[in-house]
1. Report in % the part of the accessible area of the range B:39-147 that belongs to carbon and sulfur, leaving out ligands and nucleic acids; probe 1.4 Å.
2. Compute the distribution of all C-alpha to C-alpha distances in the range B:4-150, in bins of 5 Å from 0, and list the percent of pairs in each, rounded to whole numbers.
3. Partner chain Cβ atoms within 10 Å, averaged over the residues of C:42-48 - can you pull that number for me?
4. With Rg and the Kirkwood Rh both taken from Cα atoms, where does Rg over Rh land for the protein assembly as shown?
5. Where in the range B:1-36 does the label zone of A:Arg151 land, with the point 7 angstrom along Cα→C-beta and an amide N cut-off under 20 Å?
6. For C:Ala134 and D:Glu95, FRET efficiency with R0 = 35 Å and r from the beta-carbon atoms, rounded to 0.05?
7. To the nearest Å, what is the center-to-center distance of the range D:73-121 and the range A:47-113, using C-alpha atoms only?
8. Kyte-Doolittle cut-off 1.0, length cut-off 15 Å along the helix's own axis using Cα: show which whole DSSP H helices in chain A pass.
There are 4 protein chains.
Amino acid sequence: MTASRIIVTGGTFDKQYDAIKGELTFGSTHLPAILEQARSTIPIAIEVNQLIDSLHMTAEDRVRVLEACRAAPEQAIVVIHGTDTMAETARVVGEAKLGKVIVFTGAMIPYAVQGSDALFNLGFALASAQTLAAGVYVAMNARIFAWDKVRKDKVDGVFVPGP
Amino acid sequence: MTASRIIVTGGTFDKQYDAIKGELTFGSTHLPAILEQARSTIPIAIEVNQLIDSLHMTAEDRVRVLEACRAAPEQAIVVIHGTDTMAETARVVGEAKLGKVIVFTGAMIPYAVQGSDALFNLGFALASAQTLAAGVYVAMNARIFAWDKVRKDKVDGVFVPGP
Amino acid sequence: MTASRIIVTGGTFDKQYDAIKGELTFGSTHLPAILEQARSTIPIAIEVNQLIDSLHMTAEDRVRVLEACRAAPEQAIVVIHGTDTMAETARVVGEAKLGKVIVFTGAMIPYAVQGSDALFNLGFALASAQTLAAGVYVAMNARIFAWDKVRKDKVDGVFVPGP
Amino acid sequence: MTASRIIVTGGTFDKQYDAIKGELTFGSTHLPAILEQARSTIPIAIEVNQLIDSLHMTAEDRVRVLEACRAAPEQAIVVIHGTDTMAETARVVGEAKLGKVIVFTGAMIPYAVQGSDALFNLGFALASAQTLAAGVYVAMNARIFAWDKVRKDKVDGVFVPGP
């Protein structure tokens with residue numbers, strides 16, 4: 001049983017529908033509800049680092065993710081991140097060589113929308129974080145990529161070997 | 001990218017509601033739809049081995065699962081199984097020492113029912129199958145168990161170290 | 001704005017999945033949550049009369065539904081009922097000529113299961129109760145039937161003119 | 001059994017998530033799938049008049065809705081419309097005195113998003129269209145309003161007596 005930490009940064013994964021504004025926004029994170037739905041019995045700390053669209057992430061925002069990974073007492077970390085700049089933040093964390101297992105994941109369809117890939121991706125990422133060797137990875141599309149060998153194909157909306 | 005095989009045996013995971021009979025039954029497997037929802041881009045073969053409630057599984061049924069695992073050309077295998085006798089079938093497969101990674105998973109709530117753990121568990125099991133060393137495992141409750149060190153606590157409905 | 005009452009008797013509409021027993025059972029009614037989801041702003045009283053499968057309803061159970069309809073202070077009443085014997089209970093209430101609008105509805109697929117007709121049917125029945133003349137009706141399949149001119153076709157799972 | 005027509009204009013009701021663009025857009029209408037889910041057995045024609053956000057509707061767009069209502073051979077009509085200017089279009093149709101029952105409805109949360117009011121509202125509106133006297137109505141929040149006595153309270157996101 002591997003104690004794990006989920007660092008939440010927002011992204012499509014965690015967007016919810018605001019009925020008054022009529023648009024998808026960030027409220028509070030869905031992660032506690034999702035872990036209950038997953039019937040998890042392992043200790044998983046949830047840390048909301050930021051709640052933003054990854055297209056709006058600055059270099060400073062990425063450093064905040066890095067610092068959260070560095071500060072985490074757990075060896076197994078999942079970062080929930082928007083897909084558009086997931087590979088960029090993974091690079092920032094990867095180059096820091098923290099000696100932990102850090103797995104980035106997200107969703108192409110929000111958890112709150114029909115047909116979401118969020119639950120699957122979270123399960124996939126949590127298992128990856130428990131089993132892989134120390135390093136930084138992107139886990140999307142049922143596939144694990146090293147941080148320096150991945151990019152998002154924005155036309156097809158899938159992660160592919162890169163850059 | 002690790003080619004994988006999902007061997008479907010039924011269980012709660014794959015039950016669907018029959019509106020005429022007014023009960024949960026087995027129709028066809030949800031797995032192809034689920035992998036599309038997961039936005040998987042890796043080659044995953046889906047094999048329907050049987051579609052039954054694991055409480056009704058006979059020794060012969062378990063051998064059929066074992067034979068499917070043996071026959072599979074892939075190294076990474078996920079078996080979708082009812083939770084009630086998952087540990088028993090895992091034992092049959094585990095004792096055969098097939099030299100592959102074989103991960104059993106299932107669901108406490110059917111995929112077709114609100115609040116299901118099926119999507120999460122499938123993601124968790126597929127990542128485990130891609131990353132673990134050869135062996136037979138049960139992956140439930142966000143946790144990985146060796147086949148000979150797990151039992152289902154039927155009162156709480158969770159998998160715990162055992163027997 | 002017509003004050004309304006929903007009398008809950010159970011049926012498929014309100015079944016929920018019990019993960020420990022592995023079957024659909026009755027817990028507490030979903031009606032308060034459903035009315036919130038419907039964003040209702042009218043006064044609707046919810047009364048749990050019984051929570052059973054309508055196949056198990058006795059003559060006495062049907063009289064309990066009749067008495068609840070009689071006692072209700074509201075003029076517009078919706079009865080949530082299992083579909084199998086909905087027409088029988090509607091007959092018991094219809095013959096009593098209570099001088100109120102009483103609309104029976106239910107669901108072929110539970111609210112908690114994917115693809116449920118429960119939300120649609122409840123909306124349909126509530127509007128019927130607000131707009132029809134005094135009388136007893138069955139509202140299913142987007143269609144309104146007088147209590148003495150309806151039966152369930154159990155082969156196709158739809159309500160049709162009858163008996 | 002009252003033959004009915006659903007005239008689709010878009011609005012929140014029918015928005016779907018575009019995973020590539022990362023936003024809610026209009027694809028094709030969900031209405032055929034919804035009527036199947038509702039298990040409707042009555043003849044209901046579905047007509048896509050336009051698929052737009054009602055905030056973007058011009059006077060000309062509203063006339064297109066009016067002309068569709070006028071041309072419809074059915075006596076019972078439901079118009080699926082964005083909530084923001086639903087009352088304005090209802091006014092245009094109401095003043096034309098077409099001698100049919102025309103019920104406007106929509107949704108505060110898209111059909112494709114968790115917790116949607118779309119299914120309930122559609123059931124509510126279809127029953128209203130089958131049962132009300134000729135006239136033009138807005139049916140939202142489990143409540144029926146005459147076209148000239150309703151406005152949307154945009155702060156609370158509910159329809160209230162007005163103007």
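The values are calculated or read from the model by the stated rules, or taken from the named source; none is laboratory data. All values derive from a computational prediction rather than experimental measurement. Positions of Cβ are backbone-derived with ideal geometry, glycine not excepted, and every protein chain shown enters the neighbour counts. Quick note on the areas: whole protein, heavy atoms, side chains included, nothing else; ligands and nucleic acids left out. Shrake-Rupley method; radii C 1.70, N 1.55, O 1.52, S 1.80 Å.
1. On the way: 1840 of 3490 Å².
That fraction is 53 percent.
2. Going from the shortest bin to the longest, the percentages are 2, 11, 22, 25, 22, 12, 5, 2, 0, 0.
3. On the way: counts 4, 0, 1, 0, 0, 0, 0.
Going residue by residue through C:42-48 and averaging, the value is 1.
4. Values: Rg = 26.7 Å, Rh = 26.4 Å.
With Rh from the inverse mean 1/r over Cα pairs, Rg/Rh is 1.01.
5. B:1
6. Details: r = 33 Å, r/R0 = 0.94.
Working from the Cβ atoms, E equals 0.60.
7. Answer, in whole Å: 43.
8. Details: long enough: A:59-71 (18 Å, -0.30); A:118-131 (20 Å, 1.09).
Membrane-span-like by this rule: A:118-131.
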